[in-house]
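The values are calculated or read from the model by the stated rules, or taken from the named source; none is laboratory data. As the structure is a prediction and not an experimental result, all values here were calculated from the model. Ideal geometry is used to build each Cβ from the backbone, glycine not excepted, and the neighbour counts take in all protein chains shown.
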Amino acid sequence: MIRHGFSVRAFANRFPTRQERGYVMGKLATDPLYPAVHEVIQTTTAPLLDVGCGMGVLAFYLRQRGWQHAITGVDYDPRKIATARKLSAGFGGVLEFNQADAGLALPAHRGSVTLLDILQYFQPATRDAMLRNCAARVANDGVLVIRTGIRDDSRRFRVTRFVDRMAALLNWMKAPPVHYPERDELCHLLEGEGLLGEFQPLWGRTPFNNWLGVFRRPARD
C-alpha cells in the first residue's frame, strides 16, 4: 500500500511488535494527523519538541517525508520511549527520545512544539501550566501544533471519550482521560502567552471529535 508518498506497510513493519505495526498501519490509513502536521512543520527549519511522542511515529514520519531537522520527543510511557530509541538510528538526523512527565517539566527548547492527542489526560490546572511551558518554547520562526479532542455535545465527542477510556483499559495508554478542553479556553490561554491561531476539524476517516490547532507568534513590525 503506497500512501503519503511512501509504502505505509514498509514503514509500519519497522516497528517491532504486531500491535505496534497494526496501530501504525491503521493510523496512517485513516487519520490525517501526520500529513497535516507535516504540512505545517515543513515551512520551518526550527528544531521540534514533540510532547507526548509515544513510539516516535511523528518524528519518523517527518523523516520519511524528508524533514531532516532536529527532533526531541518526550513521553510518560517508558515502553514507547524504548521502542522509539530502538528505531531512531534507522531514520537519520538528530533524534532524541526521553521519558518524562510533561505535566511536571519539559526540556529546554526553542523552536517548534507539537502536542498531539494528550491534553485530555491532564487536569485543567496541570494542562494549562503545560501549555504555558510549551508556548514559552516556541520561537519567532517556530510553530505550536496541537491536536486534541474537543469537549462539546456532539456524538463524535462521546465516541472519542469512550475510545480513550478503552485504550486505558487495554493498557495501550497509561491512564484514562480526565478532562477534555474547549476550543475557546485553549485559544484564550495561548493568546495570553503571545501566540495567535485557531482550531479546525481534523476528523479524516475516523469517528473522533479531533481538532488541529496551529499557533504562531505574530510578526513584528
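So is T43 among the β-branched types (V, I, T) and either under 21 Å from V214 (Cβ atoms) or in a loop (DSSP other than H, G, I, E, B) (or both) or not?
yes
Among V57, V113, which is the only one that is crowded, with 17+ Cβ neighbours inside 10 Å, within 24 Å of W211 (Cβ to Cβ), among the hydrophobic types (A, V, I, L, M, F, W, C) and touching a residue at least 40 places away in the same chain (Cβ under 8 Å)?
V113 is the lone residue from the list that is crowded, with 17+ Cβ neighbours inside 10 Å, within 24 Å of W211 (Cβ to Cβ), among the hydrophobic types (A, V, I, L, M, F, W, C) and touching a residue at least 40 places away in the same chain (Cβ under 8 Å).
Considering only the stretch 176-186, I want to know if a residue exists there that is over 24 Å from L58 (Cα atoms), in a helix (DSSP H, G or I), out of contact with any Asp or Glu (no Cβ under 8 Å at 6 or more places or on another chain) and among the aliphatic types (A, V, I, L, M).
No, the stretch 176-186 contains no residue that is over 24 Å from L58 (Cα atoms), in a helix (DSSP H, G or I), out of contact with any Asp or Glu (no Cβ under 8 Å at 6 or more places or on another chain) and among the aliphatic types (A, V, I, L, M).
Could you list all residues from the stretch 68-83 that are of a type in the set (A, V, I, L, M, F, W, C) and buried (at least 18 other Cβ atoms within 10 Å of the Cβ)?
If the condition is that a residue be of a type in the set (A, V, I, L, M, F, W, C) and buried (at least 18 other Cβ atoms within 10 Å of the Cβ), then I71, V74, I81 are the ones that fit.
Please pick out the residue among R161, R147 that is surrounded by 15 or more Cβ atoms within 10 Å (Cβ to Cβ), touching a strand residue (DSSP E or B) at 6+ places or on another chain (Cβ under 9 Å) and at pLDDT below 95.
On inspection, the qualifying residue turns out to be R161.
Residue by residue through the stretch 24-40, note down the ones that are without any contact (Cβ under 8 Å) to a residue 40 or more places away in the chain and either under 17 Å from S7 (Cβ atoms) or part of a loop (DSSP other than H, G, I, E, B) (or both).
The answer is V24, M25, G26, K27, L28, Y34, P35, H38.
Name the single residue that is farthest from the chain's Cα centre (by Cα) among those in the stretch 95-139 being of a type in the set (S, T, N, Q) and either closer than 15 Å to A46 by Cα or assigned to a helix (DSSP H, G or I) (or both).
T126
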